[in-house]
Amino acid sequence: MIKVKGENNYPIIETKISKIIKMKDFFYLINTVNNTKFKINKNIYNLIKEMNGRQTINKIVNKIKKDEKDYDVIIKYIKKLAKNGFVTINKTEIKEKIETELLLKRVHSQVELTRQCNLDCYYCYNNCSPNEDKYLKDPIKTLEKLSKRGCEIIELTGGEPLMHPDIKKVLKFSSKNFSLVILLTNGVLLTNGVLLTNDIVNLIKMNKNIKVHVSLQAFNKRRYYQVTNKYCLGKVLANIDLLFKNGINPRVTTVFHDKYSYKDCNDIANYLYKNYGSRNYSVSPLISMGKVKNKKLSIEKEYLNFMNDLIKKHPSFKEHRNIIEKSELNHKNCGAGWRSTIIQYDNKERPCTMFETKYATKNFDNIELRRKFYNLKAPNNKDCKDCPHLKFCKTCICRGWTKANKIGIENCNWALSNDVKEIMKQLK
């Protein structure tokens, strides 16, 4: 090994503030605090992976060099990274294990604060109800762990997260330690809007990085009761209005769950557009899991028809949907299982909120498992070109896997081509 004079210290990549995004022919190294961005090649990417605080600069340089001319270039780049806050240089070796694979860094996490909910939706994916009493113990400890590993976006979910006894502490801690905090519930980026008190509203108003997602499952008192088993539609609408009046523009969401959902969703979209000029509205199809796991569903066609009609009637909704779809398609999948996971009340993790609880595991600290999810292609035009379910499953690993199980894995070209079954086995 050739020595580089004066370079016997230990470089450590600052994983909390650093992330890497892969482009077609290069990588971006991004400082998430000041948003500085460097374009790097694969050699620099490999250099960063070696900076774990357990190897001297001399050792790292000798490990990755191709010839002697590389030494000065590598040393210069390490100093450049240190100058820009990406790297800390220690005089001694550290004992703590540092995960330096920034490409697979979990930058987004959902935290399930409780399984208890004040509503009792008949189709709840998570089997939540007023009778559940499961809570995440010491949520601040969980959030501290996420913050230390560099998570940027946190979603607070349930059940109804507002029912957790420490919800105010959780919101205050989250607003100080994450760049974006989303208060949501009932699974698909929702909050049921019943427990929004003035204290909570004021807390959200004071912290601009807290956003609210409100689920609105019907626009008719009777229909709302049929879905949720509670007569509280008026309260939900009043809270939506309260949020808008306080300058908190919520994202409203609905689950498309039966043949009457077309009218429900259409009425809600019209209401939001007419009263608030809002296009921040999302509709998700019901999936066979949770309380409706073994029930036959036939809403796929109606859901797709509604989405097409919504765009025709309100063109401005198309812009919002395209932003979401564009972000999902920057990679071969949406990020479930590698960039993003959901932490349950028992501290086990699932790839995303729509995966059944039987897929919860403590294996997501295993870098190789996250790498498999990183490389897993979501349902796409090539693998699914002749499949009648393509529009329903496209870009969503969970929908694709759910549909594959329904029609038979042997009949799903996407599941067979990508060996999805073997990946899912590692979650059990």
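Rule-based calculations on the coordinates, nothing more; no lab input. Small disclaimer: the values here were computed from a predicted structure and weren't measured. Note that we place each Cβ from the backbone using ideal geometry, even for glycine, and neighbour counts take in every protein chain shown.
Comparing Ser417, Pro388, Tyr28 along the charge dipole axis of the chain, the residue lying farthest to the positive side is Tyr28, per the Cβ-charge model.
Relative to the longest principal axis of the Cα atoms of the chain, helix 233-245 runs at roughly 50 degrees. In the stretch 10-90, taking the dipole from charged Cβ atoms about the Cα centre, the farthest positive-side position among Gln55, Ala82, Asn41 is held by Asn41.
Pairs with C-alpha atoms separated by more than 30 Å, drawn from the list Lys208/Lys372; Lys148/Lys168; Lys235/Lys394; Lys22/Lys259, are Lys208/Lys372; Lys235/Lys394; Lys22/Lys259.
Could you give the length gained on full extension between Lys59 and Lys22, defined as 0.36 nm per residue of separation minus the Cα-Cα distance, in nm? Let's see the in-between values first.
On the way: separation 37, 0.36 × 37 = 13.32 nm, distance 2.64 nm.
Additional length available on full extension: 10.7 nm.
Taking 14 Å as the straight-line reach from the Cα of Lys172, the aspartates and glutamates in range (excluding those fewer than 8 positions away in the same chain) are Glu144, Glu155, Asp199. Maximal additional length on extending the Asp199-Phe38 stretch stands at 53.8 nm, based on 0.36 nm per residue less the C-alpha distance. Listed by chain and number, the aspartates and glutamates whose alpha-carbon sits under 13 Å from that of Lys362, ignoring those within fewer than 8 places in the same chain, are Asp346, Glu349.
Here, the chain yields an orientationally averaged convex hull projection of 22.3 nm² when only Cα atoms define the hull. Using only Cα atoms, locate the centre of the stretch 150-170 and the centre of the stretch 348-363, then give the distance between them in Å, rounded to an integer. The stretch 150-170 and the stretch 348-363 have Cα centres separated by 18 Å. Helix-only arithmetic for the chain: the sum of -39500 (n - 2.57) across DSSP H runs with n ≥ 4, divided by the residue total, places the mean residue ellipticity at 222 nm at -11000 deg cm²/dmol.
As an exercise, identify the trypsin sites (Lys or Arg not before Pro) in the stretch 348-398 lying in DSSP coil whose Cβ has no more than 15 other Cβ atoms within 10 Å. Within the stretch 348-398, the qualifying trypsin sites (Lys or Arg not before Pro) (loop, at most 15 other Cβ atoms within 10 Å) are Lys362, Lys382, Lys385.
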